[in-house]
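Below: the structure, in structure tokens.
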Amino acid sequence: MALISMTVNGVQVSQEVDDSTLLIEFLREKLKLTGTHMGCDTTQCGCCVVHIDGVSAKSCTVLVGQAAGRSVTTIEGLAKGGELHPLQKAFREHHALQCGFCTPGQIMAGAELIATYPGELNEHVVREEMEGNLCRCTGYHNIVRAILAAGAEIRGTKITDPTLASHSVEG
Amino acid sequence: MYPFTYHRPKTIAEAQQAFSEGMDATFLSGGHTLLPTLKQRLAAPSDLIDVTGIPEMQGIEEAGGFLKIGAATTHDTVFASPIVRRLIPALSGLAGSIGDRHVRHRGTIGGSTANNDPSADYPSAVLGLGATVITDRREMASDDFFVGLYETAREPGEIVTRIDFPVPDIACYAKFRSPASRYSIVAVFVSKTGSAVRVAVTGAGASGVFRLPEFEEALSADFRPEAIAHLTVDPDMLLSDMSATAEYRADLIRVMARRAVEKPGQIQSFK
């Protein structure tokens, strides 16, 4: 057992936990932040993506001790002042989810990509960089569109996917 | 996972001490191989010693004609490093081709090298560039370091602290990967320094990463794809699994080696 302290969504938290506790277990079971989902538990699917000091990570493959002293952001911490993050809005607007299970991970991954990717975001880049996030119902077209739209809004750039300009949503 | 005690030492001396005090301790770096292994209860270490908080195991520098990379440096840091891009662009590209974005944020060059997974990317660069593996007690040539499947010449408790890459004239990498696991089914790293050529193959060997002396000889004489077009690889020494048969891997090695040489300085990923 160890006393683990970290900042989660801007709030300082401390809990006594087993050393073998995973970050996702700490978030869901100790802090009751159940927005982060456990999908595959094998580092494949990306449902559990959170930000650790602003960098995306699969929280099913991080020990709580590895995140101690750091600042963790989960899907619950993305909206600011009651206002959804632009990517959350874009997911709704572009119908980028169906069952919603993978959505927290998709949005955390997409938000980090928009915030940190050094180059231009286009469809190819988004598809390559989002490879670690699997969706088993909608496919990826609308997820990519939502990320490109939110990316353009946040970065103040033009949308590079021509199908977005006409709001086309065909598969 | 079976219970264990987690340690986060700040110096190599502290890490050595934690290892010697543990009943059956092991080192943790990015954890992207070790933690999945522990979840499957395939290992039960008493102590996990996290080496990523040790400052001297971090960072990238150019010194004395070598590119020196701290063992706990993440794949993403190697990929994004302007120094790596300038000196060995194929190594930067290789790091950027590992797993996915989130995995690259956590996994480290030293962890991948010390683990010597037969499908990992880094062992092919370490062997293909003739790098030197630096540990807390000695320096080892890459030819002596990789011993077999998940096996290296490391002694119990020996910590890989840094990897020194000589800067080649040309390096290139071509990989054919499983789109599901994102691991290489076959990947070939080629480097040329003066007239000396090294060709290292990962993903395919029944004993892990290995070199192809025949290909090296042919490319030393003539560094063009045509020079290796007639060469074949013996499937006897290769892995056969659900991704590919040994015969298919043998053919892929030939194709990936040719494609690597076709695009000097670049990395290509096929899936």
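The values are calculated or read from the model by the stated rules, or taken from the named source; none is laboratory data. The structure displayed is predicted, hence computed values, not measured ones. Glycine also receives a Cβ, built like all others from the backbone with ideal geometry; neighbour counts cover every protein chain displayed.
Before moving on, here are some points about what is shown:
- Test: A:Ala111 is buried (at least 24 other Cβ atoms within 10 Å of the Cβ) and over 12 Å from the mean Cα position of the chain (by Cα): no
- Yes/no for A:Glu16 being modelled with pLDDT of 95 or more, farther than 22 Å from A:Gly110 by Cβ, of a type outside the set (Ser, Thr, Tyr) and in a strand (DSSP E or B): yes
- Candidates A:Gly132, A:Gly105, filtered to the one that is in contact with a His (Cβ under 9 Å, 6 or more places away or on another chain), within 26 Å of B:Gly107 (Cα to Cα) and either surrounded by fewer than 24 Cβ atoms within 10 Å (Cβ to Cβ) or among the β-branched types (Val, Ile, Thr) (or both): A:Gly132
- Qualifying residue in segment B:131-144 (condition: assigned to a strand (DSSP E or B) and assigned by TED's automatic domain parsing to the domain that holds B:Asp236): no
- Verdict on A:Ala96 being under 30 Å from A:Val17 (Cβ atoms) and buried (at least 21 other Cβ atoms within 10 Å of the Cβ): no
- Here A:Val64 meets each of (1) outside the structural domain of A:Ile143 (by TED's automatic domain parsing); (2) at positive phi with one exception, condition (2).
- For B:Ser97: the one exception among (1) touching a Lys or Arg at 6+ places or on another chain (Cβ under 8 Å); (2) more than 14 Å from chain A (Cβ to nearest Cβ): (2)
- Residues satisfying the stated conditions in segment A:97-124, i.e. in contact with a Cys (Cβ under 6 Å, 6 or more places away or on another chain) and not in a loop (DSSP other than H, G, I, E, B): A:Gly105
- Number of positions in segment A:111-137 that are touching a residue at least 60 places away in the same chain (Cβ under 8 Å) and among the hydroxyl-bearing types (Ser, Thr, Tyr): 1
- Restricting the first member to segment B:192-220 and to residues that are touching a residue at least 24 places away in the same chain (Cβ under 8 Å) and outside the structural domain of B:Thr245 (by TED's automatic domain parsing), and the second to residues that are of a type outside the set (A, V, I, L, M) and crowded, with 24+ Cβ neighbours inside 10 Å, no beta-carbon pair is closer than 7 Å while six or more apart or on different chains.
- Which numbered condition B:Arg154 misses (of (1) in contact with a helix residue (DSSP H, G or I) (Cβ under 6 Å, 6 or more places away or on another chain); (2) more than 14 Å from chain A (Cβ to nearest Cβ)): (1)
- Beta carbons closer than 8 Å, at least 6 apart along the sequence or on distinct chains, pair a first residue in segment A:4-32 that is away from chain B (no Cβ under 11 Å) with a second that is assigned to a helix (DSSP H, G or I) and among the aromatic types (Phe, Trp, Tyr) for A:Gln15/A:Phe26.
- Looking across segment A:33-64, the residues that are touching a His at 6+ places or on another chain (Cβ under 8 Å), in contact (Cβ under 8 Å) with a residue 40 or more places away in the chain and facing chain B (nearest Cβ under 7 Å) come down to A:Gly46, A:Val49, A:Val55, A:Ser56, A:Lys58.
Yes or no, residue by residue, for (1) aliphatic (A, V, I, L, M); (2) more than 17 Å from the chain's Cα centre (by Cα):
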site: B:Asp169; (1), (2): no, yes
site: B:Pro179; (1), (2): no, yes
site: B:Ala187; (1), (2): yes, no
site: B:Val201; (1), (2): yes, no
site: B:Glu217; (1), (2): no, yes
site: B:Ile228; (1), (2): yes, yes
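- The strands (runs of 3 or more DSSP E) falling completely within segment B:1-80 that include 1 or more residues that are within 14 Å of chain A (Cβ to nearest Cβ) and β-branched (Val, Ile, Thr) map to B:5-7, B:25-28, B:47-50.
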